[in-house]
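First up is the structure itself, then whatever we jot down about it.
Values quoted throughout were computed directly from the atomic coordinates according to the rules given, and no laboratory measurement underlies them. Here the structure is a predicted model, which is why all the values come from computation and not from measurement. With ideal geometry, Cβ positions are generated from the backbone for all residues, glycine too; neighbour counts draw on all protein chains shown.
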There are 2 protein chains.
Amino acid sequence: MNCSLARALNDVGDWWTLLIIRDAFLGAQRFSEFQRSLGLARNTLSDRLERLCAADVMMRAGTPARPLYSLTEKGRALAPALVALQQWGDQFASANLPPVVVTDRCGRPLPRLKVVDQDGAEVDPEGLRFAPGPGADARTHARFQAHARFRPTPAFRS
Amino acid sequence: MNCSLARALNDVGDWWTLLIIRDAFLGAQRFSEFQRSLGLARNTLSDRLERLCAADVMMRAGTPARPLYSLTEKGRALAPALVALQQWGDQFASANLPPVVVTDRCGRPLPRLKVVDQDGAEVDPEGLRFAPGPGADARTHARFQAHARFRPTPAFRS
DNA sequence: CTGTATCCTTAAAGATACTG
DNA sequence: CAGTATCTTTAAGGATACAG
């Protein structure tokens, strides 16, 4: 798919994968830590760790017999996505009574992530738009031109 | 699960669901728009839209015979998570050549989402911590006390 | 401890045809 | 147009036992 979101989901869009990554952020490193923390089957965990290493989201260190799993830079770059999802769950799926909160290293809860524009002004969801990027292929361009991708942008609406 | 992330994933942690939501942000409203845009089976789409409406992420308007699907406030609140994931895919899965970029309503590409603390300072991934929240149950508290959730916080490490 | 190898059961997804 | 109803196929996940 010619789509970054689909590609992202291909790497981490699985039920267990993001939970594994969260545990890695929490400091889990050993196979058994993930396994006991999440309670998933061993073969499933094995498969997920394999995929994550193959996708360069996590890496294996330690000895082959007792590996240590940790996040790569690519994996750590998931922090905003992870925090955003958790905060959304805090607010809407946990009725603002989250079991666990994300904090800075001093233990102060983090404010909600905001989408801001180049001037630092917050962009509300209705203000979001999409446009062909540098990697757009012919099909993508065609789609946007065909019907402005569903919703006309202000420029087209004028 | 006593975990906001798992609850969030329960609502939107599916392969198709986030793509449907993205199309909704793009302005798609009709069953056939989603279907043609994503190319998923009709029964699958039907199921996803059903779940999304049940979870109050999307809502149905228009006539029963020709419904219009749109995001609720809860759904629009997914914008940060969606943008964060897409940007991650842009950078790492599309080699910084994204087919589609997220912009503000003027068409200016958005800067990358950042995790900031209460003072507005950026929090790097290593600085992330987690702590029991107001909705923590006994089991959650026990977990944190048992082993500081894998990694000792600076306070515990001292 | 860290997996791999099977087996088994269930769920998910697509294709297709049909209905209001 | 917007689904529903079947049917079929495949994949995913858990359980268990075993191995290095």
* What does the charge count near B:F92 come to, summing +1 for each Lys or Arg and -1 for each Asp or Glu among other residues with Cβ under 14 Å from its Cβ? -> 0
* To do: Would you mind counting up the charge near B:D104? Only other residues with Cβ under 12 Å from its Cβ, with Lys and Arg at +1 and Asp and Glu at -1.
  => -2
* Asked: Averaged over A:108-115, how many beta carbons belonging to a partner chain fall within 10 Å of each residue's beta carbon?
  -> 6
* Structure fact -> Output field shielding_mean for A:70-82 (other chain Cβ, 10 Å radius) holds 5
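At 0.692 mPa s and 37 °C, plugging the Kirkwood radius over alpha-carbon pairs of chain A into Stokes-Einstein gives what diffusion coefficient in µm²/s?
Translational D for this selection: 176 µm²/s.
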* Debye-sum result for the protein assembly as shown in log10 I(q)/I(0), which assumes one identical scatterer on each alpha carbon, at q = 0.07, 0.11, 0.14 Å⁻¹ -> -0.28, -0.70, -1.13
* To do: For B:K74, list the lysines whose Cα falls under 28 Å from its own Cα; do not include residues on the same chain fewer than 8 positions away.
  => A:K114, B:K114
* To do: Could you let me know the centre-to-centre spacing of segment A:1-69 and segment A:105-135, using Cα atoms, in angstrom?
  => 27
* 18 Å reach of a label modelled at B:N96, 7 Å along Cα-to-Cβ, counting backbone N of segment A:48-92 -> A:73-78
